[in-house]
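Please read the structure below before turning to the comments.
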Amino acid sequence: MSNEIEIELEDDLDLQEPKKYKVFLLNDDFSTMDFVIDVLVRVFRKSVDEASTIMLNIHNKGKELCGTYTYEIAATKVAQVKSMAREQGFPLKAIMEEE
């Protein structure tokens, strides 16, 4: 007599990729270009050159994509931007949109 137990697993597991969310920074007339570059480097891990390009696009187009993440990471990045902006006295705003 064996002590093994057989467990039947369903082969029809429905696995899906998590939804992705785009994080954008919005233009305003008060946040300095240096501050926006600092946010892009520190929060979004961009190089200074890449951050400069994104910052100019934000300035010229009104908003620019900073990255695409899962919901939790995107929400965290939006909160980090808000926190940094408040600490420095700027109205810089980040938003997230479902992909």
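Miscellaneous remarks
- Residues in region 50-99 that are assigned to a helix (DSSP H, G or I), open to solvent by 90 Å² or more (accessible area, probe 1.4 Å) and in contact with a Lys or Arg (Cβ under 8 Å, 6 or more places away or on another chain): 71, 82.
- Scoring residue 19 on the criteria (1) surrounded by 15 or more Cβ atoms within 10 Å (Cβ to Cβ); (2) in contact with a Ser or Thr (Cβ under 9 Å, 6 or more places away or on another chain) leaves a single failure, condition (1).
- Hits in region 27-49 - residues which are surrounded by 15 or more Cβ atoms within 10 Å (Cβ to Cβ) and not in a loop (DSSP other than H, G, I, E, B): 35, 36, 37, 38, 39, 40, 41
The values are calculated or read from the model by the stated rules, or taken from the named source; none is laboratory data. Worth saying up front: this structure is predicted, and the values here are computed from it rather than measured. Here Cβ is always computed from backbone atoms with ideal geometry, including for glycine, and neighbour counts include all displayed protein chains. Accessible surface areas use protein heavy atoms only, side chains included; no ligands, DNA or RNA. Shrake-Rupley method; radii C 1.70, N 1.55, O 1.52, S 1.80 Å.
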